[in-house]
Structure formats: C-alpha cells, structure tokens
Amino acid sequence: MVHKETLLMTAGPTMLPKRVLDAMNRQIIHHRSRAFEEVLTGLQKDLQYVFQTVNTVLILASSGTGAMEAAVVNLFSPGDKVLVLSNGMFGERLAEVADVFGLNVQKLTFGWGQAVNIHTVADTLEKDDYKEIKAVLMVHHETSTGVTNNVEAVCRLLEDSERLSVVDAVSSLGGLELQTDNWGVDVVISSSQKALMAPPGLAFVSMSRKAWKRCADAGLPRFYWDFRKYGKGFSGELACTVPYTPAVSLLVGQAEALRMIREEGLQNVYERHKKLALAVRAGIKAMGLSMFPDEEDASYIITSVKPPEGIDMEEVRRLAEEKYGVMITCGQRRLKGKLFRIGHCGYVNMSHIITTIEALENALSDSGYHVEKGKAVQAVRNTVWKPGNTNKTIS
Ligand code: PLP
C-alpha cells in the first residue's frame, strides 16, 4: 500500500508545516512591489537571527550546491590555495567544486564517521607548504555520515589572519548551534529544505566583512552569481531589492518558516533537535542496533545507524516507505550498505519519532531481523528529557 502522504524522515527535503504550505498557496506578488519588499525585509531579519549574524544574508534561487559554487566564484582567483577538510561526501563535494574552478586544492581527509581532528588541522596550517592557504573550507554537519565538525575550533585557528573560513551548513543551520559572528565564521552556506522547514530551491550565504573584501578582488568570472549584485539590494534601510526575478513563492514560504523558528526560539529549536535525536537513539539501541559514527561526534540532525548483519537495508527502506509510510535513507556511494539514516530535523516532533521507530521495527521484522515489537517504541517514550525552557515546542 502506498500512503497518501509519506512522512519524510530524511536529511532533506523535510516535512513542511501547514503554515508554510498555506503561506505559499496564494497568488504571486510582483518582485518590484512594496508587498514583496516587506516579505524580503522580514525574511532578511529572520535569516540574520537564525544565522546569528549582523551581516546581510544573501538569498539565491538554487539548492545548496549552487551556493557552494557561488561562494567559490565570489571568493577566489584561479590558482588560489585552499585547504578543504573532508570527512564525507559533502567535504568531497567542496573539494570538487573548488577544483573545477581551478583552485589549488589541498585536501585534509579524515575517516568517514569521525569528526575533523582539530590538532591535525592546526598542525597542517603551521606547515611551510600551507603558508599561502587563502581559506579553509569545511562542512559543519556531514550529512552523509551524521557527524558534526567543530566549526568554532577551526575558526579560532584562523583568527587574526587573512584566511577565510567557509562553512557548508546546508544540513545544520537552524538545527545545530552555529554562532556565525561569535565564532568568526566568514562565509556560511545553507539552504531551505532541511532544518529551515521550507521547500527545496533556496540557498543562503552570509558573508563577513573580511569575505566581502575578498569578494571585491576575486578573479573568477561570475555573472548570475555575482554576490555584489545580491548584497547591494540590502544596503539601505527598507531598500530590499533583488537583482533578478526571485523564487517568490518559495521566499514567502521560507519567511513563514523562519517566523515559526523565531516564535519557538532558536535555543528551544536546538533543544528540540537534541531531545528528538536522543529519543531516536534510545529506540535504535533497543532494537539491538548501533550508531555508525562515534557517538560523541554524532549530530542531532540525523541518526546514522549500522545495518544489522545479513539484512538488506534497501528492502527495509522500501518497506518502511511503501508499507508503513515513513521514508528514511540508506548510505550513498561508498557508504552504500554501511549505514542507514533517520533524519529528524526541521518540522519534527515526538509523535513523528514514535511513528518512525514503529515503522522501522515493523520493516526490520518483515525483512527477517528479530525485534521485540514495541520495545523500541517504549524506549523512545521513556526518554527522559529535562530541558531548561522547552515549553514552546512544535507539536
Ligand atoms: N552540503 C550538505 C552538508 C548537504 O547535506 C547537502 C545536501 O544534502 C548539500 C551540501 C547539497 O545540497 P543540495 O542537494 O541542496 O544541492
């Protein structure tokens, strides 16, 4: 049986709140109108809140990868030496993008499933060969494995230098703490379809003063993605304008989603993600399964799990989706067969988690893995959580 509405428990796209759906279900407004300017002004303020920055957040009509490419062409010149920290598929993608545009890419690779080792990064940056490094590029939450990297520690290494920090926060922003200004992150890249609770199709980039300076001198060709055009529209008081026809309906939806995040409060949103992640982990353990990454490196955005021996996880995934109405994902490329992933970011609450764990119990059982049905769900329900102030959570 195919369910009418599949519960997306993936790392994105994530489920949309009804408020977001309703906001988008309206006649289009013109992008040179006062009404649109108001949408954009509110959106900009709320993006700054979520990014934790006073700087303008650029809004692009693209997915996360488009923003990765846009950041590269706006910050560098051919031959610039950059250090890419890679511990998964998206770290590899950062290196690929930089390579395609002719940068001199130095890659520091770590185990897939382990966090970036800060001492190794520090030692590398000290080496003579790395003196000319213009930027360090890294992923905050490596979605392919479920590992969180320590952005703050990497940025501390770059303080008081001309080097830029460029952080892919596509799957973390709005779910995991990321203090752009306090940590000194120069460039943060994110997109709409994950913790930000909006449909796919929008990407966001925050730029520090240092990054804008670099942008002015960058030598790579750029036209559509020229950040100077996107930044300009936000320089004045209510003078919010866009260089080209924007994805109006998506922007309206994103504005509503960010209003919801602001209403809940960013700290409460982080706490909710943590609470739900711990509940999923309790359920996973009760099924006799273990996490793929080292537990201390695991994010609260997804739970990445080692498949049980001898069980075809693709089949479990299919059953979970088609028979039980819950979509989870398996490992991609070199992680195929090595893990499966339960996403719990964005518009997620405890009842979604219970539904998911129940679906997983059933799908695993149908596939021949022994589970004591109901035990994992009970473990989820038993999760004890003593938050400071999570009384206003999404329900
Ligand atoms: N970076 C990270 C960490 C991601 O998780 C993703 C998508 O899952 C991307 C980049 C690429 O984003 P998109 O698929 O929106 O282009």
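Altogether, the Stokes-Einstein calculation at 25 °C and 0.890 mPa s, with the Kirkwood radius of segment 1-115 over Cα pairs as Rh, returns a diffusion coefficient of 136 µm²/s. Counted by neighbouring Cβ atoms within 10 Å, the residues Glu358, Glu152, Glu321, Glu159 run from fewest to most as Glu159, Glu152, Glu358, Glu321.
Entry note, the chain: the mean residue ellipticity at 222 nm calculated from DSSP H runs of n ≥ 4, each adding -39500 (n - 2.57), is -12000 deg cm²/dmol after division by the residues and rounding to the nearest 500. What percent antiparallel are the DSSP beta bridges of segment 145-233, to the nearest 5? About 55 percent, rounded to the nearest 5.
Normalising the average separation of contacting C-alpha pairs (under 8 angstrom, six or more residues apart) by the number of residues puts the relative contact order of the chain at 23 percent.
For the chain, DSSP calls about 50 percent of its internal beta bridges antiparallel.
Considering all different alpha carbon pairs of segment 247-395, the Kirkwood hydrodynamic radius works out to 16.3 Å. The packing ranking of peptides 83-93, 16-26, highest mean first, is 83-93, 16-26, where packing means the average number of other beta carbon atoms within 10 angstrom of each residue.
Top mean-square fluctuation among Ser351, Ser290, Ser190, Gaussian network model of the chain, C-alpha springs under 10 Å? With Cα springs under 10 Å in the chain, the top fluctuation among Ser351, Ser290, Ser190 is at Ser351.
For the pair Glu322 and Tyr244, the difference between a 0.36 nm per residue extended length and the Cα-Cα distance amounts to 24.0 nm. The alpha-carbon atoms of the chain define a convex hull whose volume equals 136 cubic angstrom per residue. Computed over segment 76-120, the percent of Cα pairs more than 16 Å apart is 36.
The orientation-averaged shadow of the Cα convex hull for segment 249-291, equal to a quarter of the hull surface, comes to 4.1 nm². Applying 0.36 nm per residue to the separation of Lys81 and Arg333 and subtracting their alpha-carbon distance, the gain on full extension is 87.9 nm.
Sorted from longest to shortest, the spans of the Cα atoms of segment 175-284 along the three principal axes equal 51, 31, 27 Å. With neighbour counts taken as other beta-carbon atoms within 10 Å, the residues Thr148, Thr241 rank, fewest first, as Thr241, Thr148. Mind checking the log10 I(q)/I(0) for segment 60-163 at q = 0.15, 0.17 Å⁻¹? Debye, one equal scatterer per Cα, no solvent, two decimals. For segment 60-163, the Cα-only Debye profile gives -0.59, -0.77. Extension gain, Tyr130 to Ser33: 0.36 nm times the residue separation minus the Cα-Cα distance gives 30.0 nm.
Taking one equal scatterer on every alpha-carbon of segment 249-323, how large is log10 of I(q)/I(0) by Debye at q = 0.14 1/Å? So the normalised log intensities work out to -0.67. Each of Met287, Met68 was scored by other Cβ atoms within 10 Å of its Cβ. Arranged with the fewest first, they read Met287, Met68.
Taken together, the values in this text are just the output of simple stated rules run on the coordinates, not laboratory data. In this text the structure is predicted, and so the values were computed from the model without any measurement. Here the Cβ is made from the backbone with ideal geometry for all residues, glycine too, and neighbour counts use every protein chain on show.
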